[in-house]
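Structure first, then comments.
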Amino acid sequence: MATAIITGASQGIGACIARRLAKDGFDVAINHYPSDGDKEKALAVAEECRAFGVKAECYAADVSKFDQCEAMVKQVKEDFGTIDALVNNAGITKDKLLARMTEDEYDVVIAVNQKSVFNMTKFVTSVMMKQKHGRIVNVASVAGLYGNPGQMNYSATKAAIIGMTKTTAKEFGKKNITCNAVAPGFIHTPMTDVLSDEIKAKMLDAVALKRYGEPEEIASVVSFLVSDNASYVTGQVIEISGGLAM
Ligand code: NAP
């Protein structure tokens, strides 16, 4: 049985990806931020995954921390035997116009959204190289492709993730490890629920399909990218934005 590890999977897009990969037949390692609230939500996601007849376990780790990622990957390898797919999904926002954004608000978003991809990719590729097989999917954003006012920190991380995706694809291609990114647009999750109605309406104006995306519509593309159907796809960025830009 193949194993997938998904970061930030206690809710939103990450939880949906975990459920989808479980439905596809993957055993799933569900990472969550180390808090009681996140643990409770992650345990519920694991239960839903097990309903598909696969193994599902939860792992508390702050993915911005190098040593916590190392320990988690070691534990997942011990528990499952292999790590076939990694989905770097964990992310946060600290939106403010640059004039008001503090250094801390910049640094924490870089650590969680970007450094985490370095941490997890470093430890997981070491396992995948020995297997001579692996699939990595990084969750970027349209903000990394086009920029977005109020997101100097966030858009920097998402643009960086695209560069990291292509570098990973080039470094590990010869080991049969693929790495691709998805760049979601406006997706219905707790991250976007907090936006004002005015901002939501303005955003939808630019979307060809005139609606928000659903987490399942991100999970289905991730499902393709980690499958054998995508065996010759690497270093690509797939925008899933309902036609935000063309
Ligand atoms: P979400 O509902 O806020 O989920 C993000 C998850 O990541 C949460 O479970 C969160 O836990 C977890 N997380 C945060 N910091 C972490 C850390 N240091 N270590 C481990 N886990 C951590 O957001 P989402 O909308 O599902 O977003 C998922 C990904 O999609 C993110 O990378 C986001 O940037 C990207 N994305 C989302 C949209 C959108 O419209 N929703 C658009 C483009 C890209 P806590 O709840 O404890 O913080």
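The values are calculated or read from the model by the stated rules, or taken from the named source; none is laboratory data. Because the structure is predicted, anything quoted here is derived from the model rather than measured. Quick reminder, even Gly has a Cβ in these numbers, built from the backbone with ideal geometry, and neighbours come from all protein chains shown. Protein only, heavy atoms only, side chains kept; ligands, DNA and RNA dropped before computing areas. Shrake-Rupley method; radii C 1.70, N 1.55, O 1.52, S 1.80 Å.
What to note about this one:
- Residue ID - nearest to VAL87 (Cα to Cα), chosen from residues in segment 145-168 that are open to solvent by less than 10 Å² (accessible area, probe 1.4 Å) and more than 10 Å from the ligand (Cβ to nearest atom): THR165
- Residue ID - nearest to the ligand (Cβ to nearest atom), chosen from residues in segment 188-230 that are under 14 Å from VAL87 (Cα atoms) and assigned to a loop (DSSP other than H, G, I, E, B): VAL226
- Any hit, segment 209-228, residues being surrounded by 15 or more Cβ atoms within 10 Å (Cβ to Cβ) and more than 25 Å from LYS23 (Cβ to Cβ): no
- Identity of the residue in segment 72-124, open to solvent by less than 30 Å² (accessible area, probe 1.4 Å), away from the ligand (no atom under 13 Å from the Cβ) and in a loop (DSSP other than H, G, I, E, B), that ends up nearest to ASP193 (Cα to Cα): MET101
- Put simply, of VAL237, VAL233, VAL182 the only residue that is away from the ligand (no atom under 16 Å from the Cβ) and of a type in the set (Val, Ile, Thr) is VAL233.
- Only listed residue being open to solvent by less than 30 Å² (accessible area, probe 1.4 Å), in contact (Cβ under 8 Å) with a residue 24 or more places away in the chain and more than 15 Å from the chain's Cα centre (by Cα), chosen from VAL137, VAL127, VAL182: VAL127
- Scan segment 18-62 for residues that are near the ligand (Cβ under 9 Å from one of its atoms) and farther than 20 Å from GLN75 by Cα and the total you get is 2.
- Output for segment 233-246, where each listed residue is over 18 Å from VAL87 (Cα atoms) and either basic (Lys, Arg) or out of contact with any helix residue (DSSP H, G or I) (no Cβ under 7 Å at 6 or more places or on another chain) (or both): GLY242, GLY243, MET246
- The residues of segment 146-172 that are touching a helix residue (DSSP H, G or I) at 6+ places or on another chain (Cβ under 9 Å) and among the aliphatic types (A, V, I, L, M), listed by number, are MET152, ALA156, ALA159, ALA160, ILE161, ILE162, MET164.
- Here LYS132 fulfils each of the conditions (1) within 14 Å of the ligand (Cβ to nearest atom); (2) on the phi > 0 side of the Ramachandran plot apart from (1).
- Of the set (1) over 21 Å from the mean Cα position of the chain (by Cα); (2) closer than 25 Å to ALA22 by Cα, all apply to LYS200 but (2).
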